[in-house]
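Asker: This is the structure I have questions about; it appears just below.
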Amino acid sequence: MSETTVYPFSTATGTDVRVRFCPSPTGTPHVGLVRTAMFNWAYARHTGGTFIFRIEDTDPARDSEESYLQLKDALRWLKLDWDEGVDAGGPHGPYRQSERYDIYRDVVEQLKASGHIYESFATGEEIEARNVSLGRDPKQGYDNFERDLTEEQRAAYRAEGRAPALRLKVPDTDISFDDLVRGEITFPAGSFSDFVVVRPNGHPLYPFVNPVDDALMGVTHVLRGEDLLSSTPRQIALYHALIEIGLTTFVPRFGHLPYVMGDKNKKLSKRDPESNLFLHRERGFIPEGLLNYLSLLGWSLSKDQDVFSVDELVAAFDVENVNPNPARFDLKKAESINGDHIRLLESADFAARIVPYLVSAGVVDLPLGDARQAVLTAAAPLIQERIALLGEAPGMLGFLFVTSDALVHEADALASLPKNAAEILAASVTTLESIPEAEWTHDRVHEALTAALIEGLGLKPRVAFGPLRVAISGRNVSPPLFESMEILGRGESLARLGVLSAVVAADAASSPVVAS
């Protein structure tokens with residue numbers, strides 16, 4: 001390698017931009033990983049470039065097919081579509097590293113022939129012993145001493161039964177690059193030594209296969225997590241070698257995205273529940289809301305706008321505007337933004353999205369049928385303004401899908417009933433029985449009960465309507481009371497008031513009477 005060789009970085013813009021998302025299929029998708037995918041996707045869509053989805057599955061001890069399928073499920077749920085890659089195909093396949101070993105072997109042979117990689121027989125113990133013998137810290141690492149082994153020395157090692165690893169001969173110069181997020185970064189000469197790219201068993205390692213794939217796939221911009229920053233100079237060193245053998249003509253631009261932090265400003269780990277993408281989906285995040293929030297972990301549309309659409313994200317996103325400082329995952333803020341996006345949904349769309357949650361909770365079965373669909377259509381708008389997660393829907397709407405004899409009154413709701421609950425319920429029944437079925441609307445019910453309880457009995461609305469809410473929904477908190485009564489209908493509403501009246505009477509009868 002010549003120290004005077006110029007190794008150009010990519011100058012691609014617009015439709016020439018090519019980015020990739022290349023996770024290892026290990027475990028459940030992490031929200032930080034998903035944010036990396038989203039930033040790559042948004043940059044490709046913003047520039048009109050190409051988004052590649054590649055799988056790095058060269059570690060059979062950790063990789064799993066289940067995780068691979070989960071990664072695809074995650075991207076599809078979030079509607080982060082890819083232009084090339086697994087399932088989509090493309091001119092640079094295959095897109096799973098486990099299927100590319102012949103390609104890697106060919107590149108290895110080219111680099112061996114050109115002198116960029118060499119055989120290394122030293123074990124870890126021997127490297128430590130060498131450092132001790134030279135008066136250095138035993139953990140200092142490899143010092144490139146095998147660069148110039150003779151053929152006789154290599155033959156002697158083989159005669160001992162040793163199989164060599166292969167190391168890349170790194171340049172003895174500074175390695176600098178202009179990070180798209182962090183600005184100019186320089187790793188001085190000697191920051192790292194010749195590193196292993198192929199194990200003695202012939203298995204190529206991540207620091208080798210990752211840049212080789214990027215080079216062969218024409219990747220122009222590598223947007224990845226800050227935790228990988230320390231490996232970047234090694235990748236650039238390999239890129240220099242790949243340019244010299246003609247495999248590519250440029251080094252990609254790098255942008256290292258900030259850490260996603262959890263509580264107490266610690267990096268959000270896979271052990272933290274907030275890191276699990278599917279847990280958020282199970283709780284009722286919608287793609288629009290979660291993508292919006294994740295984009296705020298290091299980027300913003302403007303200083304005074306936290307809620308925006310995916311289209312607005314794509315139109316405005318530029319990786320150079322990403323903040324390099326760590327971003328904290330704030331679950332409450334995420335839920336609030338998700339709630340804002342729920343309220344932006346069309347009513348029919350919202351109703352359809354809560355059905356899986358109602359089914360999962362056992363509130364309804366599929367198919368719904370006309371009657372239950374009618375209840376859902378009428379009831380969904382009542383909670384759309386009140387929930388932050390779709391998973392709240394079963395608790396809010398469940399009472400509408402059971403009959404009075406199956407309704408469960410929650411303990412805290414019963415405990416909240418005022419002493420005059422029996423009087424309120426009796427007056428309510430008398431009033432409501434006077435309303436004909438044909439006139440049973442939420443306005444008519446509201447008007448009649450207001451006259452009877454607030455004007456007639458002189459009660460405050462909270463006291464007057466609290467027992468009615470418990471009777472109708474079994475809860476202290478529910479969708480709007482009178483609209484719920486309209487949906488249930490006259491007969492069912494009166495039946496529920498009767499059930500709670502009986503509960504209150506039974507409780508009064510069982511309570512000890514204190515003599516005066």
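The values are calculated or read from the model by the stated rules, or taken from the named source; none is laboratory data. Only a predicted model underlies this, so the values are computations on that prediction, with no experimental measurement involved. Cβ: placed from backbone, ideal geometry, glycine included. Neighbour counts: every protein chain shown. Only protein heavy atoms, including side chains, enter the accessible area calculation; ligands, DNA and RNA are left aside. Shrake-Rupley method; radii C 1.70, N 1.55, O 1.52, S 1.80 Å.
Asker: Restricting the search to the stretch 450-485, which residues are surrounded by 15 or more Cβ atoms within 10 Å (Cβ to Cβ) and among the basic types (Lys, Arg)?
Answerer: 469, 475 - these are the residues of the stretch 450-485 that are surrounded by 15 or more Cβ atoms within 10 Å (Cβ to Cβ) and among the basic types (Lys, Arg).
Asker: What are the residues in the stretch 172-195 that are acidic (Asp, Glu) and surrounded by 13 or more Cβ atoms within 10 Å (Cβ to Cβ), if any?
Answerer: So the first thing to find is which residues in the stretch 172-195 are acidic (Asp, Glu), and the list is 172, 174, 178-179, 184, 194.
179, 194 - these are the residues of the stretch 172-195 that are acidic (Asp, Glu) and surrounded by 13 or more Cβ atoms within 10 Å (Cβ to Cβ).
Asker: Another question, then. Would you confirm whether any residue within the stretch 247-257 is closer than 24 Å to residue 323 by Cβ, modelled with pLDDT under 95 and charged (D, E, K, R)? Give the steps one after another, and end with the answer.
Answerer: Here is the first cut: in the stretch 247-257, the ones closer than 24 Å to residue 323 by Cβ are 252-257.
The next check asks that each one be modelled with pLDDT under 95; those that pass are none.
No.
Asker: Residue pairs, Cβ under 9 Å, 6 or more apart or interchain, first in the stretch 330-359 and over 15 Å from residue 294 (Cβ atoms), second hydroxyl-bearing (Ser, Thr, Tyr). List them.
Answerer: Within 9 Å, the pairs are 344/309; 347/377; 348/377; 351/377.
Asker: Still on this structure, please answer the following. Please go through the stretch 111-141 and pick out each residue that is in contact (Cβ under 8 Å) with a residue 24 or more places away in the chain and of a type outside the set (Ser, Thr, Tyr).
Answerer: Within the stretch 111-141, 111, 112, 115, 116, 117, 119, 121, 122, 141 qualify.
Asker: Just name the residue that is surrounded by the most Cβ atoms within 10 Å (Cβ to Cβ) out of those in the stretch 390-407 that are touching a Phe, Trp or Tyr at 6+ places or on another chain (Cβ under 9 Å) and either free of Cβ contacts under 8 Å to residues at least 12 places away in the same chain or farther than 14 Å from residue 475 by Cβ (or both).
Answerer: The first filter runs over the stretch 390-407 and keeps only residues touching a Phe, Trp or Tyr at 6+ places or on another chain (Cβ under 9 Å), leaving 390-394, 407.
Adding the requirement that they be either free of Cβ contacts under 8 Å to residues at least 12 places away in the same chain or farther than 14 Å from residue 475 by Cβ (or both) leaves 390-391.
On the way: 390: 23, 391: 19.
The qualifying residue surrounded by the most Cβ atoms within 10 Å (Cβ to Cβ) is 390.
Asker: Based on this model, can you work out whether residue 325 counts as open to solvent by 50 Å² or more (accessible area, probe 1.4 Å) and in contact with a Pro (Cβ under 7 Å, 6 or more places away or on another chain)?
Answerer: Details: open to solvent by 50 Å² or more (accessible area, probe 1.4 Å): yes; in contact with a Pro (Cβ under 7 Å, 6 or more places away or on another chain): yes.
It is true that residue 325 is open to solvent by 50 Å² or more (accessible area, probe 1.4 Å) and in contact with a Pro (Cβ under 7 Å, 6 or more places away or on another chain).
Asker: Moving on. Against the conditions (1) over 25 Å from residue 216 (Cβ atoms); (2) modelled with pLDDT of 95 or more, where does residue 179 fall short? Just the number, please.
Answerer: With (1) over 25 Å from residue 216 (Cβ atoms); (2) modelled with pLDDT of 95 or more applied to residue 179, the lone miss is (1).
Asker: If you take the residues in the stretch 300-322 that are among the charged types (D, E, K, R) and without any contact (Cβ under 8 Å) to a residue 40 or more places away in the chain, which one is most open to solvent (accessible area, probe 1.4 Å)? Break it down stepwise before answering.
Answerer: Initial filter on the stretch 300-322 (among the charged types (D, E, K, R)): 303-304, 306, 311-312, 318, 320.
After this cut, where a residue has to be without any contact (Cβ under 8 Å) to a residue 40 or more places away in the chain as well, the list is 303-304, 306, 311-312.
Details: 303: 210, 304: 137, 306: 63, 311: 123, 312: 78 Å².
So the residue we want is 303.
Asker: Could you list, in sequence order, all residues of the stretch 245-280 that are closer than 20 Å to residue 220 by Cα and either among the basic types (Lys, Arg) or in a strand (DSSP E or B) (or both)?
Answerer: 251, 253, 254, 255, 256, 257
Asker: Could you tell me whether the stretch 19-41 includes any residue that is aromatic (Phe, Trp, Tyr) and part of a helix (DSSP H, G or I)? Can you show your working first?
Answerer: So in the stretch 19-41, the residues aromatic (Phe, Trp, Tyr) come out as 21, 39, 41.
From what's left, part of a helix (DSSP H, G or I): 39, 41.
Within the stretch 19-41, one or more residues are aromatic (Phe, Trp, Tyr) and part of a helix (DSSP H, G or I).
Asker: While we're here: Which condition does residue 413 not pass, out of (1) at pLDDT below 95; (2) surrounded by 15 or more Cβ atoms within 10 Å (Cβ to Cβ); (3) not in a loop (DSSP other than H, G, I, E, B), if it passes all the others?
Answerer: Going through (1) at pLDDT below 95; (2) surrounded by 15 or more Cβ atoms within 10 Å (Cβ to Cβ); (3) not in a loop (DSSP other than H, G, I, E, B) one by one, residue 413 breaks only (1).
Asker: While we're on this one: On the basis of being buried (at least 20 other Cβ atoms within 10 Å of the Cβ) and in a helix (DSSP H, G or I), does residue 297 make the cut?
Answerer: Working: buried (at least 20 other Cβ atoms within 10 Å of the Cβ): yes; in a helix (DSSP H, G or I): no.
Spelling it out, it is not the case that residue 297 is buried (at least 20 other Cβ atoms within 10 Å of the Cβ) and in a helix (DSSP H, G or I).
Asker: Still on this structure, I have one more. Give the number of residues within the stretch 328-356 that are within 19 Å of the chain's Cα centre (by Cα) and either surrounded by fewer than 20 Cβ atoms within 10 Å (Cβ to Cβ) or closer than 22 Å to residue 386 by Cβ (or both).
Answerer: Within the stretch 328-356, the first condition is being within 19 Å of the chain's Cα centre (by Cα), and the residues that meet it are 328-342, 353.
Then keep just the ones that are either surrounded by fewer than 20 Cβ atoms within 10 Å (Cβ to Cβ) or closer than 22 Å to residue 386 by Cβ (or both); that gives 328, 330-342, 353.
Number of matching residues: 15.
One line per residue, one yes/no per condition, for (1) open to solvent by 20 Å² or more (accessible area, probe 1.4 Å); (2) part of a loop (DSSP other than H, G, I, E, B):
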position	(1), (2)
365	yes, yes
388	yes, yes
409	yes, yes
424	no, no
427	yes, no
445	no, no
